[in-house]
1. How many of the residues in the range 32-53 are open to solvent by less than 60 Å² (accessible area, probe 1.4 Å) and closer than 15 Å to residue 116 by Cα?
2. Look through 296, 276 and report the one residue that is farther than 26 Å from residue 230 by Cα and at pLDDT 95 or above.
3. Got a number for residues in the range 335-361 being within 20 Å of the chain's Cα centre (by Cα) and either without any contact (Cβ under 8 Å) to a residue 60 or more places away in the chain or open to solvent by 10 Å² or more (accessible area, probe 1.4 Å) (or both)?
4. Within the range 88-141, which residues are small (Gly, Ala, Ser) and either open to solvent by 60 Å² or more (accessible area, probe 1.4 Å) or in contact with a Phe, Trp or Tyr (Cβ under 7 Å, 6 or more places away or on another chain) (or both)?
5. Sort through 327, 350, 339 and tell me the only one that's in contact with a helix residue (DSSP H, G or I) (Cβ under 7 Å, 6 or more places away or on another chain) and of a type in the set (Asp, Glu).
6. Where in the range 243-359 are there strands (runs of 3 or more DSSP E), lying wholly inside it, with at least 1 residues that are closer than 27 Å to residue 180 by Cβ?
7. So, in the range 271-310, how many residues would count as being more than 32 Å from the chain's Cα centre (by Cα), surrounded by fewer than 21 Cβ atoms within 10 Å (Cβ to Cβ) and of a type in the set (Gly, Ala, Ser)?
8. Which number in (1) open to solvent by 10 Å² or more (accessible area, probe 1.4 Å); (2) free of Cβ contacts under 8 Å to residues at least 40 places away in the same chain marks the one condition that residue 253 misses?
Amino acid sequence: MKKSNLIILGMVFLSFGCTENYIDEIIPVAQGTDITAPQVTIEFPSEGTLIRVTEDVTAINIKFEVMDDIEVESISLKLNGNEIAKYNDFKDYRRVIKEHLHENLGNGAHTLVVEARDLSGKTTTKTVNFEKVEPYKPMYDGETFYLPFDGDYMELINIKNANVNGNPGFANGLIGRAYDGASNAYLTFPTTNLLSSEFSAVFWYKINAAPDRAGILVIGPPDTNNPNNMNNRSGGFRFFREGSGTNQTFKLNIGNGSGDNWFDGGAAASINPSTNTDWVHLAFTISETNASVYINGQKVSGGDFPGVNWTGCDVLSIASGAPRFAEWGHLSDGSLFDELRLFNKALTQEEIQNIIDAEKP
């Protein structure tokens, strides 16, 4: 058979196949009736979002989704009443997922409105209110860390969120909200920019004597000899409590590089949790030659020592001795914590009292 005849025969078979529907034909489908209005979801920001950064003006990445049963015609974004974006060209006209970067968000309360319209004229409007919080400015000389516990675990000077272990919560605090401790719960932060030859910590505390011993604040080095139950006291500090349901004593241990120094005030540094149910103010200071512990502005223990050693001290633990001070069972604290501040100086008694007076209702 000639080549030309083969080509003609192939074309006949192809034509026959097409007419017999061996190859699907494209059949138009009616669009249908537009029944429902668009559905609008704002992924970010959500209602009540607090945006905290160190700048007075920042960018915000707005994320939203619009769905319609037939076709989305247009989407409008308004911030505080001003249109900041308009969309009317979509690759997928039934489901639109978008992000919009708004670069000039200032301090204060803001209202975001996303309005979507479909081809039949139906519109849906979604609104969220959020706030760009004014950056916190340190209130006291030498203040390097401020954690107010006002519904989140963000430290406001360095704008860092805590690493949260377990399931702590929040309760009514001395000012706003407070950290509410729970079993096997605590917070950690890296110690970057927190360590110096002098150091102080101040905070408010409402004691829960169960368990009868707990770590309160700890910065310590790792324990390579006992990695699963650490207790290396050659550096950093351990501030903790222990005793009974009627007597809890606050103690401070500081590592000096070659050993450790103890500051235990005994009865003067103790409270009775069964009768003392109010907030107390706790503070301790470390200088190059001396350390002191204060309760409600009164010095309850202290003395000379050769200075703190910070070698390997890369983790701050709040409301537990874990992970660096665990061997003796000073673990999670079920107490309340509020208004935690750290300093790169040894505060004087007068400076501590000034903080108490400024914060106490």
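1. 5
2. Testing whether each residue is farther than 26 Å from residue 230 by Cα and at pLDDT 95 or above leaves just 296.
3. Within the range 335-361, residues that are within 20 Å of the chain's Cα centre (by Cα) and either without any contact (Cβ under 8 Å) to a residue 60 or more places away in the chain or open to solvent by 10 Å² or more (accessible area, probe 1.4 Å) (or both) number 1.
4. If the condition is that a residue be small (Gly, Ala, Ser) and either open to solvent by 60 Å² or more (accessible area, probe 1.4 Å) or in contact with a Phe, Trp or Tyr (Cβ under 7 Å, 6 or more places away or on another chain) (or both), then 109, 120 are the ones that fit.
5. The unique qualifying residue is 339.
6. Answer list for the range 243-359: 248-255, 280-286, 290-295, 298-304, 315-318, 336-343.
7. Qualifying residue count, the range 271-310: 4.
8. (1)
The values are calculated or read from the model by the stated rules, or taken from the named source; none is laboratory data. Predicted, not measured: the structure shown is a model, and the values here were computed from it. All Cβ positions, even for glycine, are placed from backbone atoms using ideal geometry, and neighbour counts span all protein chains on display. Remember, those area values only see protein heavy atoms, side chains included, never the ligands or the DNA or RNA. Shrake-Rupley method; radii C 1.70, N 1.55, O 1.52, S 1.80 Å.
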